[in-house]
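Input: a single structure, listed below in structure tokens.
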């Protein structure tokens, strides 16, 4: 399972990541950060669907997203 | 299963949080420039010339040596920097109010002379920093604080299409317009930024890249609406494409 790490203190809640995610697993959370922005989050129940495509991170103007991609054992052995 | 880092901050982008409004694509634009320069191992050789506008604090966000130019004069300053240090990679980073209005003379002449510099031009069709006044690139009908009824083509003229205008000048080796509104366009932008630096490194002439970006605050839209507005209204007026690209083997005197 690939995953994203979202730095909530950097996030400005613009939600551009949510519109580019091909799996639609990003959404606005109900949490606010110290800047007063309602931050984005990866829906925990859908987190497994993350493919590590990096679309959200490329779109993020504030470099708040780091993407970790997991290579499946079958692919890694190739 | 092994986990690899697929995307993280490139070393030339400082950790400093930016002052840009939520959804402002300046962050994407300068990150892509830094990613190219880091990938090519050019960061140590780079001198950037920053401009006036929302990008004025760029020297805090990118870890390159930099010169802050007076409003609009970045291509003239970059000319001087490049001519005394021809082995350096020199780029200017300018907005549309800076480049297409007060700096129109400087960009025209630097482009015509074919200075070996790269110009990164961020076009968001409005003066961002000063509060959303009409810029030379404002769309016909677009409401701004100085055109509250919308820009009128018969009194204020049509927006300047800088990438096409610059492409028409003799010293320019590469000129393109790209957008930052989706992943496909970001890939095109990455390619255009690379070419704009390659022509400088090959000594072929000026590399010019226009990036269409959003200004949600002054467009009075949410970031997501502004991003959709790029596709719906900005791209039809400012068509994307490469307007000039001289052959890779073309020489310079």
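Could you list B:126, B:224, A:5, A:20 in order of exposure, starting from the residue whose Cβ has the fewest other Cβ atoms within 10 Å?
Numbers: B:126 26, B:224 16, A:5 12, A:20 20.
In order of increasing Cβ crowding within 10 Å: A:5, B:224, A:20, B:126.
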List residues of the stretch B:46-70, by number, whose backbone nitrogen lies under 17 Å from a label position 7 Å along Cα→C-beta of residue B:130.
B:51-57, B:69-70
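Per 0.36 nm of contour for each residue apart, how much would the distance between residue A:5 and residue A:24 grow if the chain were fully extended, relative to their Cα-Cα spacing?
5.2 nm
Between residue B:38 and residue B:85, what length comes free when the chain is fully extended (0.36 nm per residue of separation minus the Cα-Cα distance, one decimal in nm)?
Contour length minus Cα-Cα distance gives 14.9 nm.
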Going by C-beta contacts inside 10 Å, put A:17, A:50 in order with the fewest on the left.
A:50, A:17
Restricting to DSSP H runs of at least four residues, report the calculated mean residue ellipticity at 222 nm for chain B, -39500 (n - 2.57) per run over all residues, nearest 500 deg cm²/dmol.
-8500 deg cm²/dmol
Taking R0 as 30 Å, what's the FRET efficiency between residue A:45 and residue B:8 from their Cβ-Cβ distance, rounded to 0.05?
0.70
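With 10 angstrom as the radius, rank B:243, B:121 by how many other C-beta atoms surround their C-beta, starting from the fewest. All intermediate terms of the calculation are to be shown ahead of the outcome.
Details: B:243 19, B:121 27.
By the 10 Å Cβ count, ascending: B:243, B:121.
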Using a/c under 1.5 as the rounded threshold, could you call chain A rounded, prolate or oblate? The axes a ≥ b ≥ c are square roots of the C-alpha gyration tensor eigenvalues, and prolate needs a/b larger than b/c, oblate otherwise.
prolate
What spacing in nm lies between the two simple spin-label points modelled at residue B:149 and residue B:68, each 7 Å away from Cα in the Cβ direction?
4.0 nm
Calculate the mean, over all residues of peptide A:52-61, of how many other protein chain Cβ atoms lie within 10 angstrom of the residue's Cβ.
6
Here the whole-number average of other chain Cβ atoms within 10 Å per Cβ of B:13-23 is 4
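Shielding by partners for B:227-233, please: the mean number of other protein chain Cβ atoms within 10 Å of each residue's Cβ.
Details: counts 6, 1, 0, 0, 0, 0, 0.
Shielding by partners across B:227-233 averages 1.
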Can you report the principal axis dimensions of the stretch B:18-91 using only the alpha carbons, biggest first, rounded to whole angstrom?
39, 30, 15
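Computed from the coordinates by the stated procedures, all read-outs in this text should not be read as laboratory data. Remember, predicted model here, so these are calculated numbers, not experimental data. Quick reminder, even Gly has a Cβ in these numbers, built from the backbone with ideal geometry, and neighbours come from all protein chains shown.
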